[in-house]
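Since the structure comes first, as structure tokens, the remarks are kept for the end.
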Amino acid sequence: MQQSAFRDSIRLLATRRFGTFWFASFLSNIGTWAQQVAQPWLLLNLGASSFLLGLDSFAMGAPAVALLLVGGVLADRADRSRVIAFFQSIQFFCPVLIVALLATSSVRPWMIILLSLVVGVTDALSMPSFQSIVPSIVEQKQIAAGIALNSTQFNLSRIAGPAIAGVLMATIGAIACFALSAASYVPFILVALWILPRGKRDPGGEAPVFDYRHLFDGVRDISRDPALRGALLSVLATNLLCAPLITFCPVLIRDAFHEDVSHFSLTISALGIGGLLGAVGLLFVDPARDRRPLSSWFAACYGASLALAALDPWAFALPAVFVLAGTAMAVSNISANSFLQAASPPGMRGQIVSLYMLAMRGGVSLGSLLTGVSVATLGVRYALLVNGVLAVLVQATLRAASLFPSCR
């Protein structure tokens, strides 16, 4: 049964629409992860504090709190291909501008943080449309496999992107990473326009007219479902407490272990290896299996790996801890996302996705800001240790409150 589920999942890559979308997303994410390695290290080299590093992550994620629900309505009501192309085109100019600033030696930390805010706004408005692509181009029974495969390419890019960035940073400099990021937008924008023909919406969707009543009615209906509510709370808690591990990894590498950007890129690549293992492992899971217990248990494992990273005394062991963290992160988030999308009515899928992204991105942004304060106060090791312990306790509390079924 497990091998059959794996073979059926892999066959999706041979389909024209999903296969092309998968490859274009892979190229785009390589550029994104190259920038994710270069940007925090550049900020640190420009003299930015831990708080400013957290503020940069907050600026990128905070718009999700205000705008992701609007993005969900756009995904349900508007032309998704145009939504994606328009906002991704705006986002494309952000790394282009950073390249220009680096070339003229005029870049400052506040400029990078401001551009992160622009990326955050465009992401919030376009991400629900992007996340809704997979259910739009595969059959209902293939949604979980499609999301797992999509996460596989994301984690492959998380391996390749930092590895490429490490080489570029050591040879050409940060400017090459931002140039690669800019170039990676082009194929994805073109493919997104082809994957979703104009006017394509989920069955049950109405005319592409924005309606605030539709937005709040949808949120109310979703919040009344205990299963959906429990999955969303788990995602929020996990990203609020655990995602700062990624944000403050450069601080941990530089200040606690006194290593350079090469070790940083290796550690982030290890996170991608773990994420890839988690995503591939889910391809062997029976599509009919309830994904909520997997999400809960691996969210707790993610918190435990955060505590391990904080307590680890050896720099050489840190990549192994990040493999564990990446595996737990991937299984937890993919399982929650798969359950939410499979359980949602087609006409509300965009809003389900927007709430998932709100919990994830909002949690990352707020968690990074709060952890930035605690890092400045307690130091990076103690701050991450507190987050890890709290993450485990929160997941235990959610299970005790019966928001998740028992693992089968």
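The values are calculated or read from the model by the stated rules, or taken from the named source; none is laboratory data. Worth saying up front: this structure is predicted, and the values here are computed from it rather than measured. All Cβ positions, glycine included, derive from the backbone under ideal geometry; neighbour counts span all protein chains shown. Remember, those area values only see protein heavy atoms, side chains included, never the ligands or the DNA or RNA. Shrake-Rupley method; radii C 1.70, N 1.55, O 1.52, S 1.80 Å.
Please tell me if GLY161 is crowded, with 19+ Cβ neighbours inside 10 Å, of a type outside the set (A, V, I, L, M, F, W, C) and over 22 Å from CYS94 (Cβ atoms).
no
Within the range 313-343, restricting attention to residues that are open to solvent by 10 Å² or more (accessible area, probe 1.4 Å) and over 20 Å from the mean Cα position of the chain (by Cα), which residue is modelled with the lowest pLDDT?
Going through the qualifying residues, I end up with ALA343.
May I ask you to list pairs of residues, at least six apart or on different chains, whose Cβ atoms are under 9 Å apart, with the first in the range 377-394 being touching a residue at least 12 places away in the same chain (Cβ under 8 Å) and the second being outside any helix (DSSP H, G or I) and among the hydrophobic types (A, V, I, L, M, F, W, C)?
If the second residue must be outside any helix (DSSP H, G or I) and among the hydrophobic types (A, V, I, L, M, F, W, C), the pairs left are VAL380/PHE248; ALA383/PHE248; LEU384/PHE248; ASN387/CYS242; GLY388/CYS242; ALA391/CYS242.
LEU308 versus (1) of a type outside the set (Lys, Arg); (2) outside any helix (DSSP H, G or I); (3) in contact (Cβ under 8 Å) with a residue 60 or more places away in the chain: which is the lone unmet condition?
Answer for LEU308: the failing condition is (2).
Can you pull out the residues in the range 244-282 that are open to solvent by less than 10 Å² (accessible area, probe 1.4 Å) and assigned to a loop (DSSP other than H, G, I, E, B)?
PHE248
May I ask you to list the residues in the range 12-48 that are open to solvent by 50 Å² or more (accessible area, probe 1.4 Å) and either among the aliphatic types (A, V, I, L, M) or not in a helix (DSSP H, G or I) (or both)?
Passing the criteria: LEU13, ALA14, THR15, LEU27, LEU46, GLY47.
Got a number for residues in the range 170-185 being at pLDDT 90 or above and either among the aliphatic types (A, V, I, L, M) or over 20 Å from the mean Cα position of the chain (by Cα) (or both)?
Residues meeting the conditions: 6.
Working carefully through the options ALA299, ALA270, ALA288, find the one that is at pLDDT 80 or above, of a type in the set (A, V, I, L, M) and out of contact with any Ser or Thr (no Cβ under 8 Å at 6 or more places or on another chain).
ALA270
Is it true that some residue in the range 148-156 is within 19 Å of VAL364 (Cα to Cα) and open to solvent by less than 40 Å² (accessible area, probe 1.4 Å)?
yes
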